[in-house]
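Let me begin by presenting the structure, written as structure tokens, before commenting on it.
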Amino acid sequence: MNIGIDIVENKRLENSNIKFIEKILTKKEIEIMNKKVGRQKLEFLSGRFAAKEAIKKCLDINIDFNEIEILYDLNSKPTISYKNYKFSISISHEKNYTVAVALLLK
């Protein structure tokens with residue numbers, strides 16, 4: 001079992017351009033982010049960035065962020081799609097920071 005954690009200062013991603021966003025998010029994730037408004041949009045990007053960084057730490061391999069897709073299940077819980085790996089993740093926001101923890105299950 002591997003665990004990864006990451007924290008992001010949200011303002012670091014505040015002025016992200018589309019080229020950067022496309023390196024971090026998949027097309028489906030960009031669609032979800034574009035439906036959000038104001039602070040929720042930045043928190044979504046920061047959350048995905050932190051979660052994907054935590055996932056990369058679990059795997060200890062070099063992969064592109066946009067190879068990992070984090071969507072939602074029916075209960076709005078984040079679910080990960082990356083090859084045959086299975087993860088449990090948690091993403092949390094507090095004022096200016098976003099933190100994510102990933103646990104590699106198999």
- Query: In square nanometres, what is one fourth of the surface area of the convex hull spanned by the alpha carbons of the stretch 1-99?
  - Reply: 6.4
- Task: Quick one: of Lys11/Lys106; Lys35/Lys83; Lys77/Lys106, which pairs are farther than 25 Å apart, Cα to Cα?
- Result: Lys11/Lys106; Lys35/Lys83
- Between Asn75, Asn62, Asn17, find the one with the highest GNM mean-square fluctuation for the chain; connect C-alpha pairs within less than 10 Å. Asn75
- Query: Accessible area per residue, 1.4 Å probe, Å², for the chain: what's the number?
  - Reply: 64
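Rounding to the nearest 20 debye, state how big the charge dipole of the chain is about its Cα centre with +1 on each Lys and Arg Cβ and -1 on each Asp and Glu Cβ.
160
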- Query: Ignoring any ligand, DNA or RNA, what whole percent of the accessible area of the chain comes from carbon and sulfur when the probe is 1.4 angstrom?
  - Reply: 49
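Distances longer than 13 Å among the Cα atoms of the stretch 1-56: what percent of all pairs is that?
Percentage above 13 Å: 60.
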- Task: Compute the distance in nm between two label points, each set 7 Å from the Cα along the Cα-to-Cβ direction, one at Ser92 and one at Glu9.
- Result: 2.1
- Average the reciprocal distances over every distinct pair of alpha-carbons in the stretch 55-106, invert the result, and give the Kirkwood radius in Å. 12.0
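The values are calculated or read from the model by the stated rules, or taken from the named source; none is laboratory data. Computed from a prediction, not measured in an experiment: that's the story for all the values here. Glycine also receives a Cβ, built like all others from the backbone with ideal geometry; neighbour counts cover every protein chain displayed. Surface areas here come from the heavy atoms of the whole protein model, side chains and all, with no ligands, DNA or RNA. Shrake-Rupley method; radii C 1.70, N 1.55, O 1.52, S 1.80 Å.
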